[in-house]
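The values are calculated or read from the model by the stated rules, or taken from the named source; none is laboratory data. Since we're looking at a predicted model, the values are computed, not measured. When we count neighbours, we look across all protein chains shown, and the Cβ atoms used for this are built from the backbone with ideal geometry, even at glycine.
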Amino acid sequence: MTASAAQISGKVTATSGAIGGFTLQNSRLTGSADAVLATSTSGRRVEVDGTDNSLKFYSGSSGTEVLSLSDNEGFYLITPSSGASYKASGITFTAGAGAFATPITSRRYIGFGVQMPFEDFSQIGNNQAENDNAFIGFAVTHPGPTAISNASSENQFVLIGNLDNRASGSLFGTHIDLNLGPGGGTGHFIQFSDSSLNSAKSTADNRGVHIDMDKATLNANQYGIDIDMDGAFDNANTSVQKEQRGINIAIDGNVVNASSYGAYISQNADVSGGSKSVFGLYINNQGTSAAANNYGVFVVGDTNYFSGNILVGGTVDGRDLATDGSKLDGIEASADVTDATNVQAAGALMDSELTNVSAVKGINQANSK
């Protein structure tokens, strides 16, 4: 049947042929490389676009593109070492679109999972070539290039987590497990630098890590920072000085009109009951050293200032202050061994004990036989 225009009603069944430039064959509808299959010609619609091999979603009466899925999505990625444009298969969200996941409770749920690239070294005999490309599991950057900058008076967050659990299961803001080979590792790396287009000094506080714990704790420990280092530390290359440090603080900046603290502890806890003490700093060093001293605290400074009482359980510079202190307590206030009382007590004859001081002092011992 051939006609310039035809209207057909009822069920039409076709197994092959051509419809408006599309070919129907073996239950497949195909078109040319630039073909577009859409649910509507405009407005809110879904399009399969052959020009860029993509699936696109448009929203609203104006037909604003909000999501694109293709094998050639482009984005600009800024890393600590560089910034560049990348092309890859993926999904692009635009015009305020985002991804949302609704979990289920019947089994363990992973909202977003990324598997890092790897080489299977467990198979003996395979070509065990290393993967020497950098891997970034999750990245949030401004659109780029690095010469541009964002401008907002509101807070900007890379990640926000709000977990609420009324049962006994623990909550983790982040859990990072690094399985290291000979390379080093950093659990969290935070770097502050100037904005690309504004190097003005910050007028608000800058905090590398801020911990605010308002949760009441019952019959359990509460730690602002908990560090547990159980790994063996072996500095086999003794020609290179290496150290193990639970906390390493290096402050090298130029501080003007302000104090600088390597560590500042403000202890305002109100402890009551159980005869418990308040500690601004408590160090329990039970380590052993075969070749050097074992220090609980090692302080180097032009002036070391302590306010309040100092209690010492051991010696200070080899002296037992508890024993030596008892001796010092027996010395009178403003003691002077040359005063009249101490001289007389030592056996000296005082002027006050003589009736004729001149006569006594005039005695010539050489003639008195």
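For the reader, a short list of remarks on this structure follows.
- Scoring Glu73 on the criteria (1) within 19 Å of Pro143 (Cβ to Cβ); (2) without any contact (Cβ under 8 Å) to a residue 12 or more places away in the chain leaves a single failure, condition (2).
Residues checked against (1) within 28 Å of Arg108 (Cβ to Cβ); (2) polar (S, T, N, Q); (3) outside any loop (DSSP other than H, G, I, E, B); (4) in contact with a Leu (Cβ under 8 Å, 6 or more places away or on another chain):
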| residue | (1), (2), (3), (4) |
| --- | --- |
| Thr141 | no, yes, no, yes |
| Gly161 | yes, no, no, no |
| Ala167 | yes, no, no, no |
| Ile176 | yes, no, no, no |
| Gln191 | no, yes, no, no |
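- For Pro80, the criteria (1) within 30 Å of Ile148 (Cα to Cα); (2) without any contact (Cβ under 8 Å) to a residue 60 or more places away in the chain; (3) not small (Gly, Ala, Ser); (4) not in a strand (DSSP E or B) hold in every case but one, which is (2).
- Exactly one residue out of Gly253, Gly313, Gly287 is exposed (fewer than 10 other Cβ atoms within 10 Å of the Cβ), modelled with pLDDT under 85 and touching a helix residue (DSSP H, G or I) at 6+ places or on another chain (Cβ under 9 Å): that is Gly313.
- On inspection, Ser266 qualifies as part of a loop (DSSP other than H, G, I, E, B), under 30 Å from Ser202 (Cβ atoms) and free of Cβ contacts under 8 Å to residues at least 40 places away in the same chain.
- Meets criteria (surrounded by 10 or more Cβ atoms within 10 Å (Cβ to Cβ) and either basic (Lys, Arg) or assigned to a loop (DSSP other than H, G, I, E, B) (or both)) for Lys242: yes
- Residue count for region 191-221, restricted to those that are farther than 30 Å from Asn165 by Cα and of a type outside the set (Asp, Glu): 14
- Selection within region 25-53 - charged (D, E, K, R), in contact with a strand residue (DSSP E or B) (Cβ under 9 Å, 6 or more places away or on another chain) and either surrounded by fewer than 12 Cβ atoms within 10 Å (Cβ to Cβ) or touching a residue at least 60 places away in the same chain (Cβ under 8 Å) (or both): Asp34
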